[in-house]
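**Q** Input: one structure, supplied below.
No value in this document is a laboratory result; all are computed from the given coordinates. Every value quoted in this text rests on a predicted model; they were computed, and no experiment measured them. Every residue, glycine as well, gets a Cβ built from its backbone with ideal geometry; the counts of neighbours run over all protein chains shown.
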Amino acid sequence: MKKNNIRTITALTALLALAACGDRLQTSEPVELRFTSGLQMQTRAAYVSTQNTQIVSGEKVYAWVDEAVPSPGTPVEYVHAWELTADGSGALNGTRQNYPNSGYPVNAYALHGDFGSAITAGTTTFPTAALTHSVGTNQGTQAALAKSDLLWASGTGLVRQTAAHPLTFSHLLAKIEVYLVAGTGTTDTELESATVTIQNTIPTATVTLSKSAAPTVAVTTDPVSDITCFAQTETDQTVTIGGVPQPAHRFAEAVIVPQAVNNDFIKVSLGATAYYTAKVNTTFAAGNRYSYYVVVNKAGISLSTTITAWGDGGTQVVNAK
């Protein structure tokens, strides 16, 4: 009889959980609130590019959690600027937080970026004024590149459960990926130690958040800067340029603030003195990844571009000299 009672209670609890969407659950035990993270699916390169599908280990995320009181009630901010740390495999770890005692669902809003002292862990309420975020001018390491990324996620009506709620983050900046291919008079060995710089972009943006709409990002009027890319030596990737497959021997990446650029943009340096630049005339859009296939010739470089939204996209071709 005792065993049957336990089964009946367990089944009843499961049914209540399934029916809980907006209903109040009665419980005497605190239930831990947990999140996991992932990034919006994107077409993957042969190399694993930074924060391609997961937030890099050690990166900080701030989350705000509301108690979703049913209508005509108003959601109440329950957790302020909860500091969570990514483990690189999808988990977000931080000080334990529980669901509200009321048993109502919660709404969650999460942000990753570099905001200086504008956000204080545990105390800052959901920011309605614009925040300032700057990408690093030296993104020469994976950690520096990841810190420059600006990410946002939200989830509403999250019911009390023992499993973690997944949060899918979206990219609010633009991503530049550069593949170097050896051309006339240039060797693969030279490319494997080449440095890549993104030139003439404004590194600072403002982001305005809302609990009911997508964030808005605007470039500032600050002076332009150059950005050192995070580069890897790679020899297993083949890119197609002008219908001809060619092996790439260097892969570089950086994130930039969405903006219009009509100037020298990509600089490829071979050694201390030899360098080549490519000019582009493009408006870089938030959430898009721009892959540049660069053929490096002793007389200059040629350039083609694939634009891929971190979902869908199109293609364009750019000539450089």
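**Q** When a/c is below 1.5 the answer is rounded, else prolate if a/b is larger than b/c, else oblate, so apply that to the stretch 174-316 with a ≥ b ≥ c taken from the square roots of the Cα gyration tensor eigenvalues.
**A** Prolate, because a/c is 1.5 or more and a/b exceeds b/c.
**Q** Near residue 142, within a Cβ-to-Cβ distance under 12 Å, what is the net charge of the other residues, with Lys and Arg +1 and Asp and Glu -1?
**A** -2
**Q** Less than 14 Å Cβ to Cβ from residue 190, Lys/Arg counted +1 and Asp/Glu -1: what total charge do the surrounding residues give?
**A** That sum, taken over residues with Cβ under 14 Å, equals 0.
**Q** Quick check for me: using +1 on Lys/Arg Cβ and -1 on Asp/Glu Cβ, what's the dipole size of the stretch 150-284 about its Cα centre, in debye to the nearest 20?
**A** 620 debye
**Q** Follow-up. Would you mind checking 147/175; 267/298; 175/211; 175/298 for any pair whose Cα atoms are more than 20 angstrom apart?
**A** Where the Cα-Cα span goes over 20 Å, the pairs concerned are 175/211; 175/298.
**Q** Still on this structure, I have one more. Over the stretch 147-291, what relative contact order in percent results from Cα pairs under 8 Å that are six or more residues apart?
**A** 30 percent
**Q** For the stretch 61-76, just list the computed ³J(HN,Hα) in residue order, Karplus coefficients 6.51, -1.76 and 1.60, θ = phi - 60°, integers in Hz, with x standing in for Gly and Pro.
**A** Karplus-based 3J(HN,Hα) across the stretch 61-76 equals 10, 9, 10, 10, 10, 9, 7, 7, 5, x, 4, x, x, 10, x, 10 Hz.
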